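The block underneath contains the structure these notes are about, expressed in structure tokens.
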Amino acid sequence: MKNIAVLLSGRGSNFKAIYNAIETKKIKNAQISVVISDKSDAPGLKFAKEKGLNAFFVNPKEFSSVEEFDKKIVEVLNSFKIDLVCLAGFMRIITPYFVRTYKNRIINIHPSLLPSFPGLNAQRQALEYGVRFSGCTVHFVDEEVDHGPIILQAVVPVLPNDTVETLSERILKEEHRIYPEAVKLFVEDKLKIVGRKVIVKED
């Protein structure tokens, strides 16, 4: 049984997608052991509590530095013997200390086809650049922002009349599809990192 932690700051829609995949046995031999948020009023945290999950608010303002905050997060993760950390709209850049401690065990989803449009407002970046296709990327987290080895991607066409909202909505549907799939592959020990490439092992 793999223990999964989810870190979130907002509504947690990707967290819910992973939760539902576990509940419906699309992902087997895994459980969400803890959910952590840096926002006390995050809807995703409320959902976790309603489902009876271990759910904690860790207040960044109580720590003297970002690394001290991350040390507290790692302390909580260690107490639950976490195998995989899923960032699901966690609006903080995690420190090298955190990345090293959970090396190759932290994954994130980003609403663009990385390496294009890293950072904030990826959908707006895509529209302003005039690309014909965008999408989303699940990747391992390394010490650079939106940079680690890519696990899965999904392509979404950019339509002539798209707004940030309409494009975001279509990308989000794909996020909810590929993030649980990436978690499933990790849980089944099917991912191998070779340099910058992630090799998906066959059955």
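Coordinate-derived values only; no laboratory data. Owing to the predicted nature of the structure, the values given are computational and were not obtained by experimental measurement. Don't worry about glycine lacking a Cβ; one is built from the backbone with ideal geometry, like all the others, and counts go over all protein chains shown.
Quick notes on this structure:
- Once the gyration tensor of the Cα atoms in the chain is diagonalised, the equivalent ellipsoid follows with semi-axes of 25, 20, 18 Å, ordered largest first.
- Contact order normalised by residue count of region 108-203, Cα under 8 Å, 6+ apart, percent: 26 percent
- Highest mobility in the GNM of the chain, judged by mean-square fluctuation with C-alpha springs under 10 Å and restricted to Lys25, Lys71, Lys39, is found for Lys25.
- Charge dipole of the chain (Cα centre as origin; +1 on each Lys and Arg Cβ, -1 on each Asp and Glu Cβ, all else neutral): 520 debye, rounded to the nearest 20.
- Comparing mean-square fluctuations of Tyr97, Tyr19, Tyr129 from a GNM of the chain with C-alpha springs under 10 Å, the top value falls on Tyr129.
- Cβ charges +1 (Lys, Arg) and -1 (Asp, Glu), total dipole of region 97-203, debye: 300 debye
- Stokes-Einstein translational diffusion, region 1-102 - Kirkwood Rh over all Cα pairs, 0.890 mPa s, 25 °C, in µm²/s: 180 µm²/s
- Degrees, to the nearest 10: 164-187 long Cα axis against longest axis of the chain: 50 degrees
- On Cα atoms only, tilt of 13-23 relative to the major axis of the chain in degrees: 60 degrees
- Rounded to the nearest 20, the size of the Cβ-charge dipole of region 24-68 about its Cα centre is 520 debye, with Lys and Arg at +1 and Asp and Glu at -1.
- Projecting the Cα atoms of Gly119, His139, Tyr19 onto the dipole axis of the chain, where Lys and Arg carry +1 and Asp and Glu carry -1 at the beta carbon, places Tyr19 farthest toward the positive end.
- The trypsin sites (Lys or Arg not before Pro) of region 128-203 that DSSP puts in a loop, and whose beta carbon has at most 12 other beta carbons within 10 Å, are Arg132, Arg196, Lys201.
- Calculated mean residue ellipticity at 222 nm for the chain: -11000 deg cm²/dmol, from DSSP H runs with n ≥ 4 weighted as -39500 (n - 2.57), summed, divided by the residue count and rounded to 500.
- For the chain, the residue among Leu84, Ile107, Pro160 whose Cα projects farthest onto the positive side of the dipole built from Cβ charges is Leu84.
- Ranked list, fewest to most other Cβ atoms within 10 Å of each Cβ, for Leu7, Leu127: Leu127, Leu7
- Per-residue Cβ neighbour counts within 10 Å put Ser168, Ser134, Ser33 in the sequence Ser168, Ser33, Ser134, beginning with the fewest.
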